[in-house]
1. Net charge within 15 Å of residue 144 by Cβ-Cβ distance, Lys/Arg positive one each and Asp/Glu negative one each, not counting residue 144 itself?
2. Per-residue counts of other Cβ atoms within 10 Å, averaged by peptide: what ranking do you get for 19-27, 117-125, highest first?
3. For region 19-42 and region 114-181, what is the centre-to-centre distance using only Cα atoms, to the nearest Å?
4. Can you work out the Karplus-derived ³J(HN,Hα) for every residue in region 137-152? Use 6.51 cos²θ - 1.76 cosθ + 1.60 with θ = phi - 60°, whole Hz, and x for glycine or proline.
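Read-outs throughout are calculated quantities, based only on the coordinates presented, and are distinct from any laboratory measurement. All of these numbers come straight from a predicted model, not from anything done at the bench. Ideal geometry is used to build each Cβ from the backbone, glycine not excepted, and the neighbour counts take in all protein chains shown.
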Amino acid sequence: MVKKTPNKRAYYSLIPWVLFVIIMASAYFLNSTYNLNYSTYGIYPRDFSGLKGILFSPFIHGSIEHLGNNTLPILILGTAILYFYGRLGMKVILVMYLLTGILVWLSARDSYHIGASGLIYAFAGFLFMSGIVRKAKNLIALSLLVAFLYGGLFWGIFPVKEQVSWESHLWGGVVGFVMAWYYRKEGPQRKKYTWEDEEDDYELLDSNQNNSYETQEIQQRPAKRIVIKYEYKEKKDPNKKE
């Protein structure tokens, strides 16, 4: 199997999200041009007809501003997940996509919930938490970058604006955090050096013990069995005849 170079990996990680954004933009302009009322394809909670929104709502946007606000984050965060997490990233994205929509359908207000912002919150939450729990330097740096660029997303989980689906934001963030914790032992990990696996030569003494360090050192050394042989040999008298 040919190993992908960083440039090729970045390219293949970006392409799916470029296509995703093209579909988002096409859906918006078709809807606004022909008045197709695509909002009815959003998530409508606790209504079986609203279940289709779990699949379609991330592609539907109510205004050009709504579309513009979601375009750059979905490109950056989605590409970052695929670039750093590879196949695990694809699995995590699919789970977050479906699970966020399901939770919104179960618990949100009775209204059509549209837009990719729930997915953006899931991506940001996953990247931020994943870098922390994995303790890998490059992923921690990515977490800090996400916090710096999208730290303002935090306020979106509160019901500040009535027309904004804060439920999608909240559940997206929660799902992202949970996925980062659940898959913490899969995918990229912190580089572990050989010396970290080696056990110390001597164990630390309990504070209640009275043994000295020197005594403990002797106790921890592997015992060597020493065999001493004694052989009795009578001294011969040169004047004595046998």
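1. The answer is +3.
2. Put in order of decreasing packing, that is 117-125, 19-27.
3. That distance is 25 Å.
4. 4, 5, 6, 5, 4, 5, 4, 5, 5, 4, 5, 5, 6, 10, x, x
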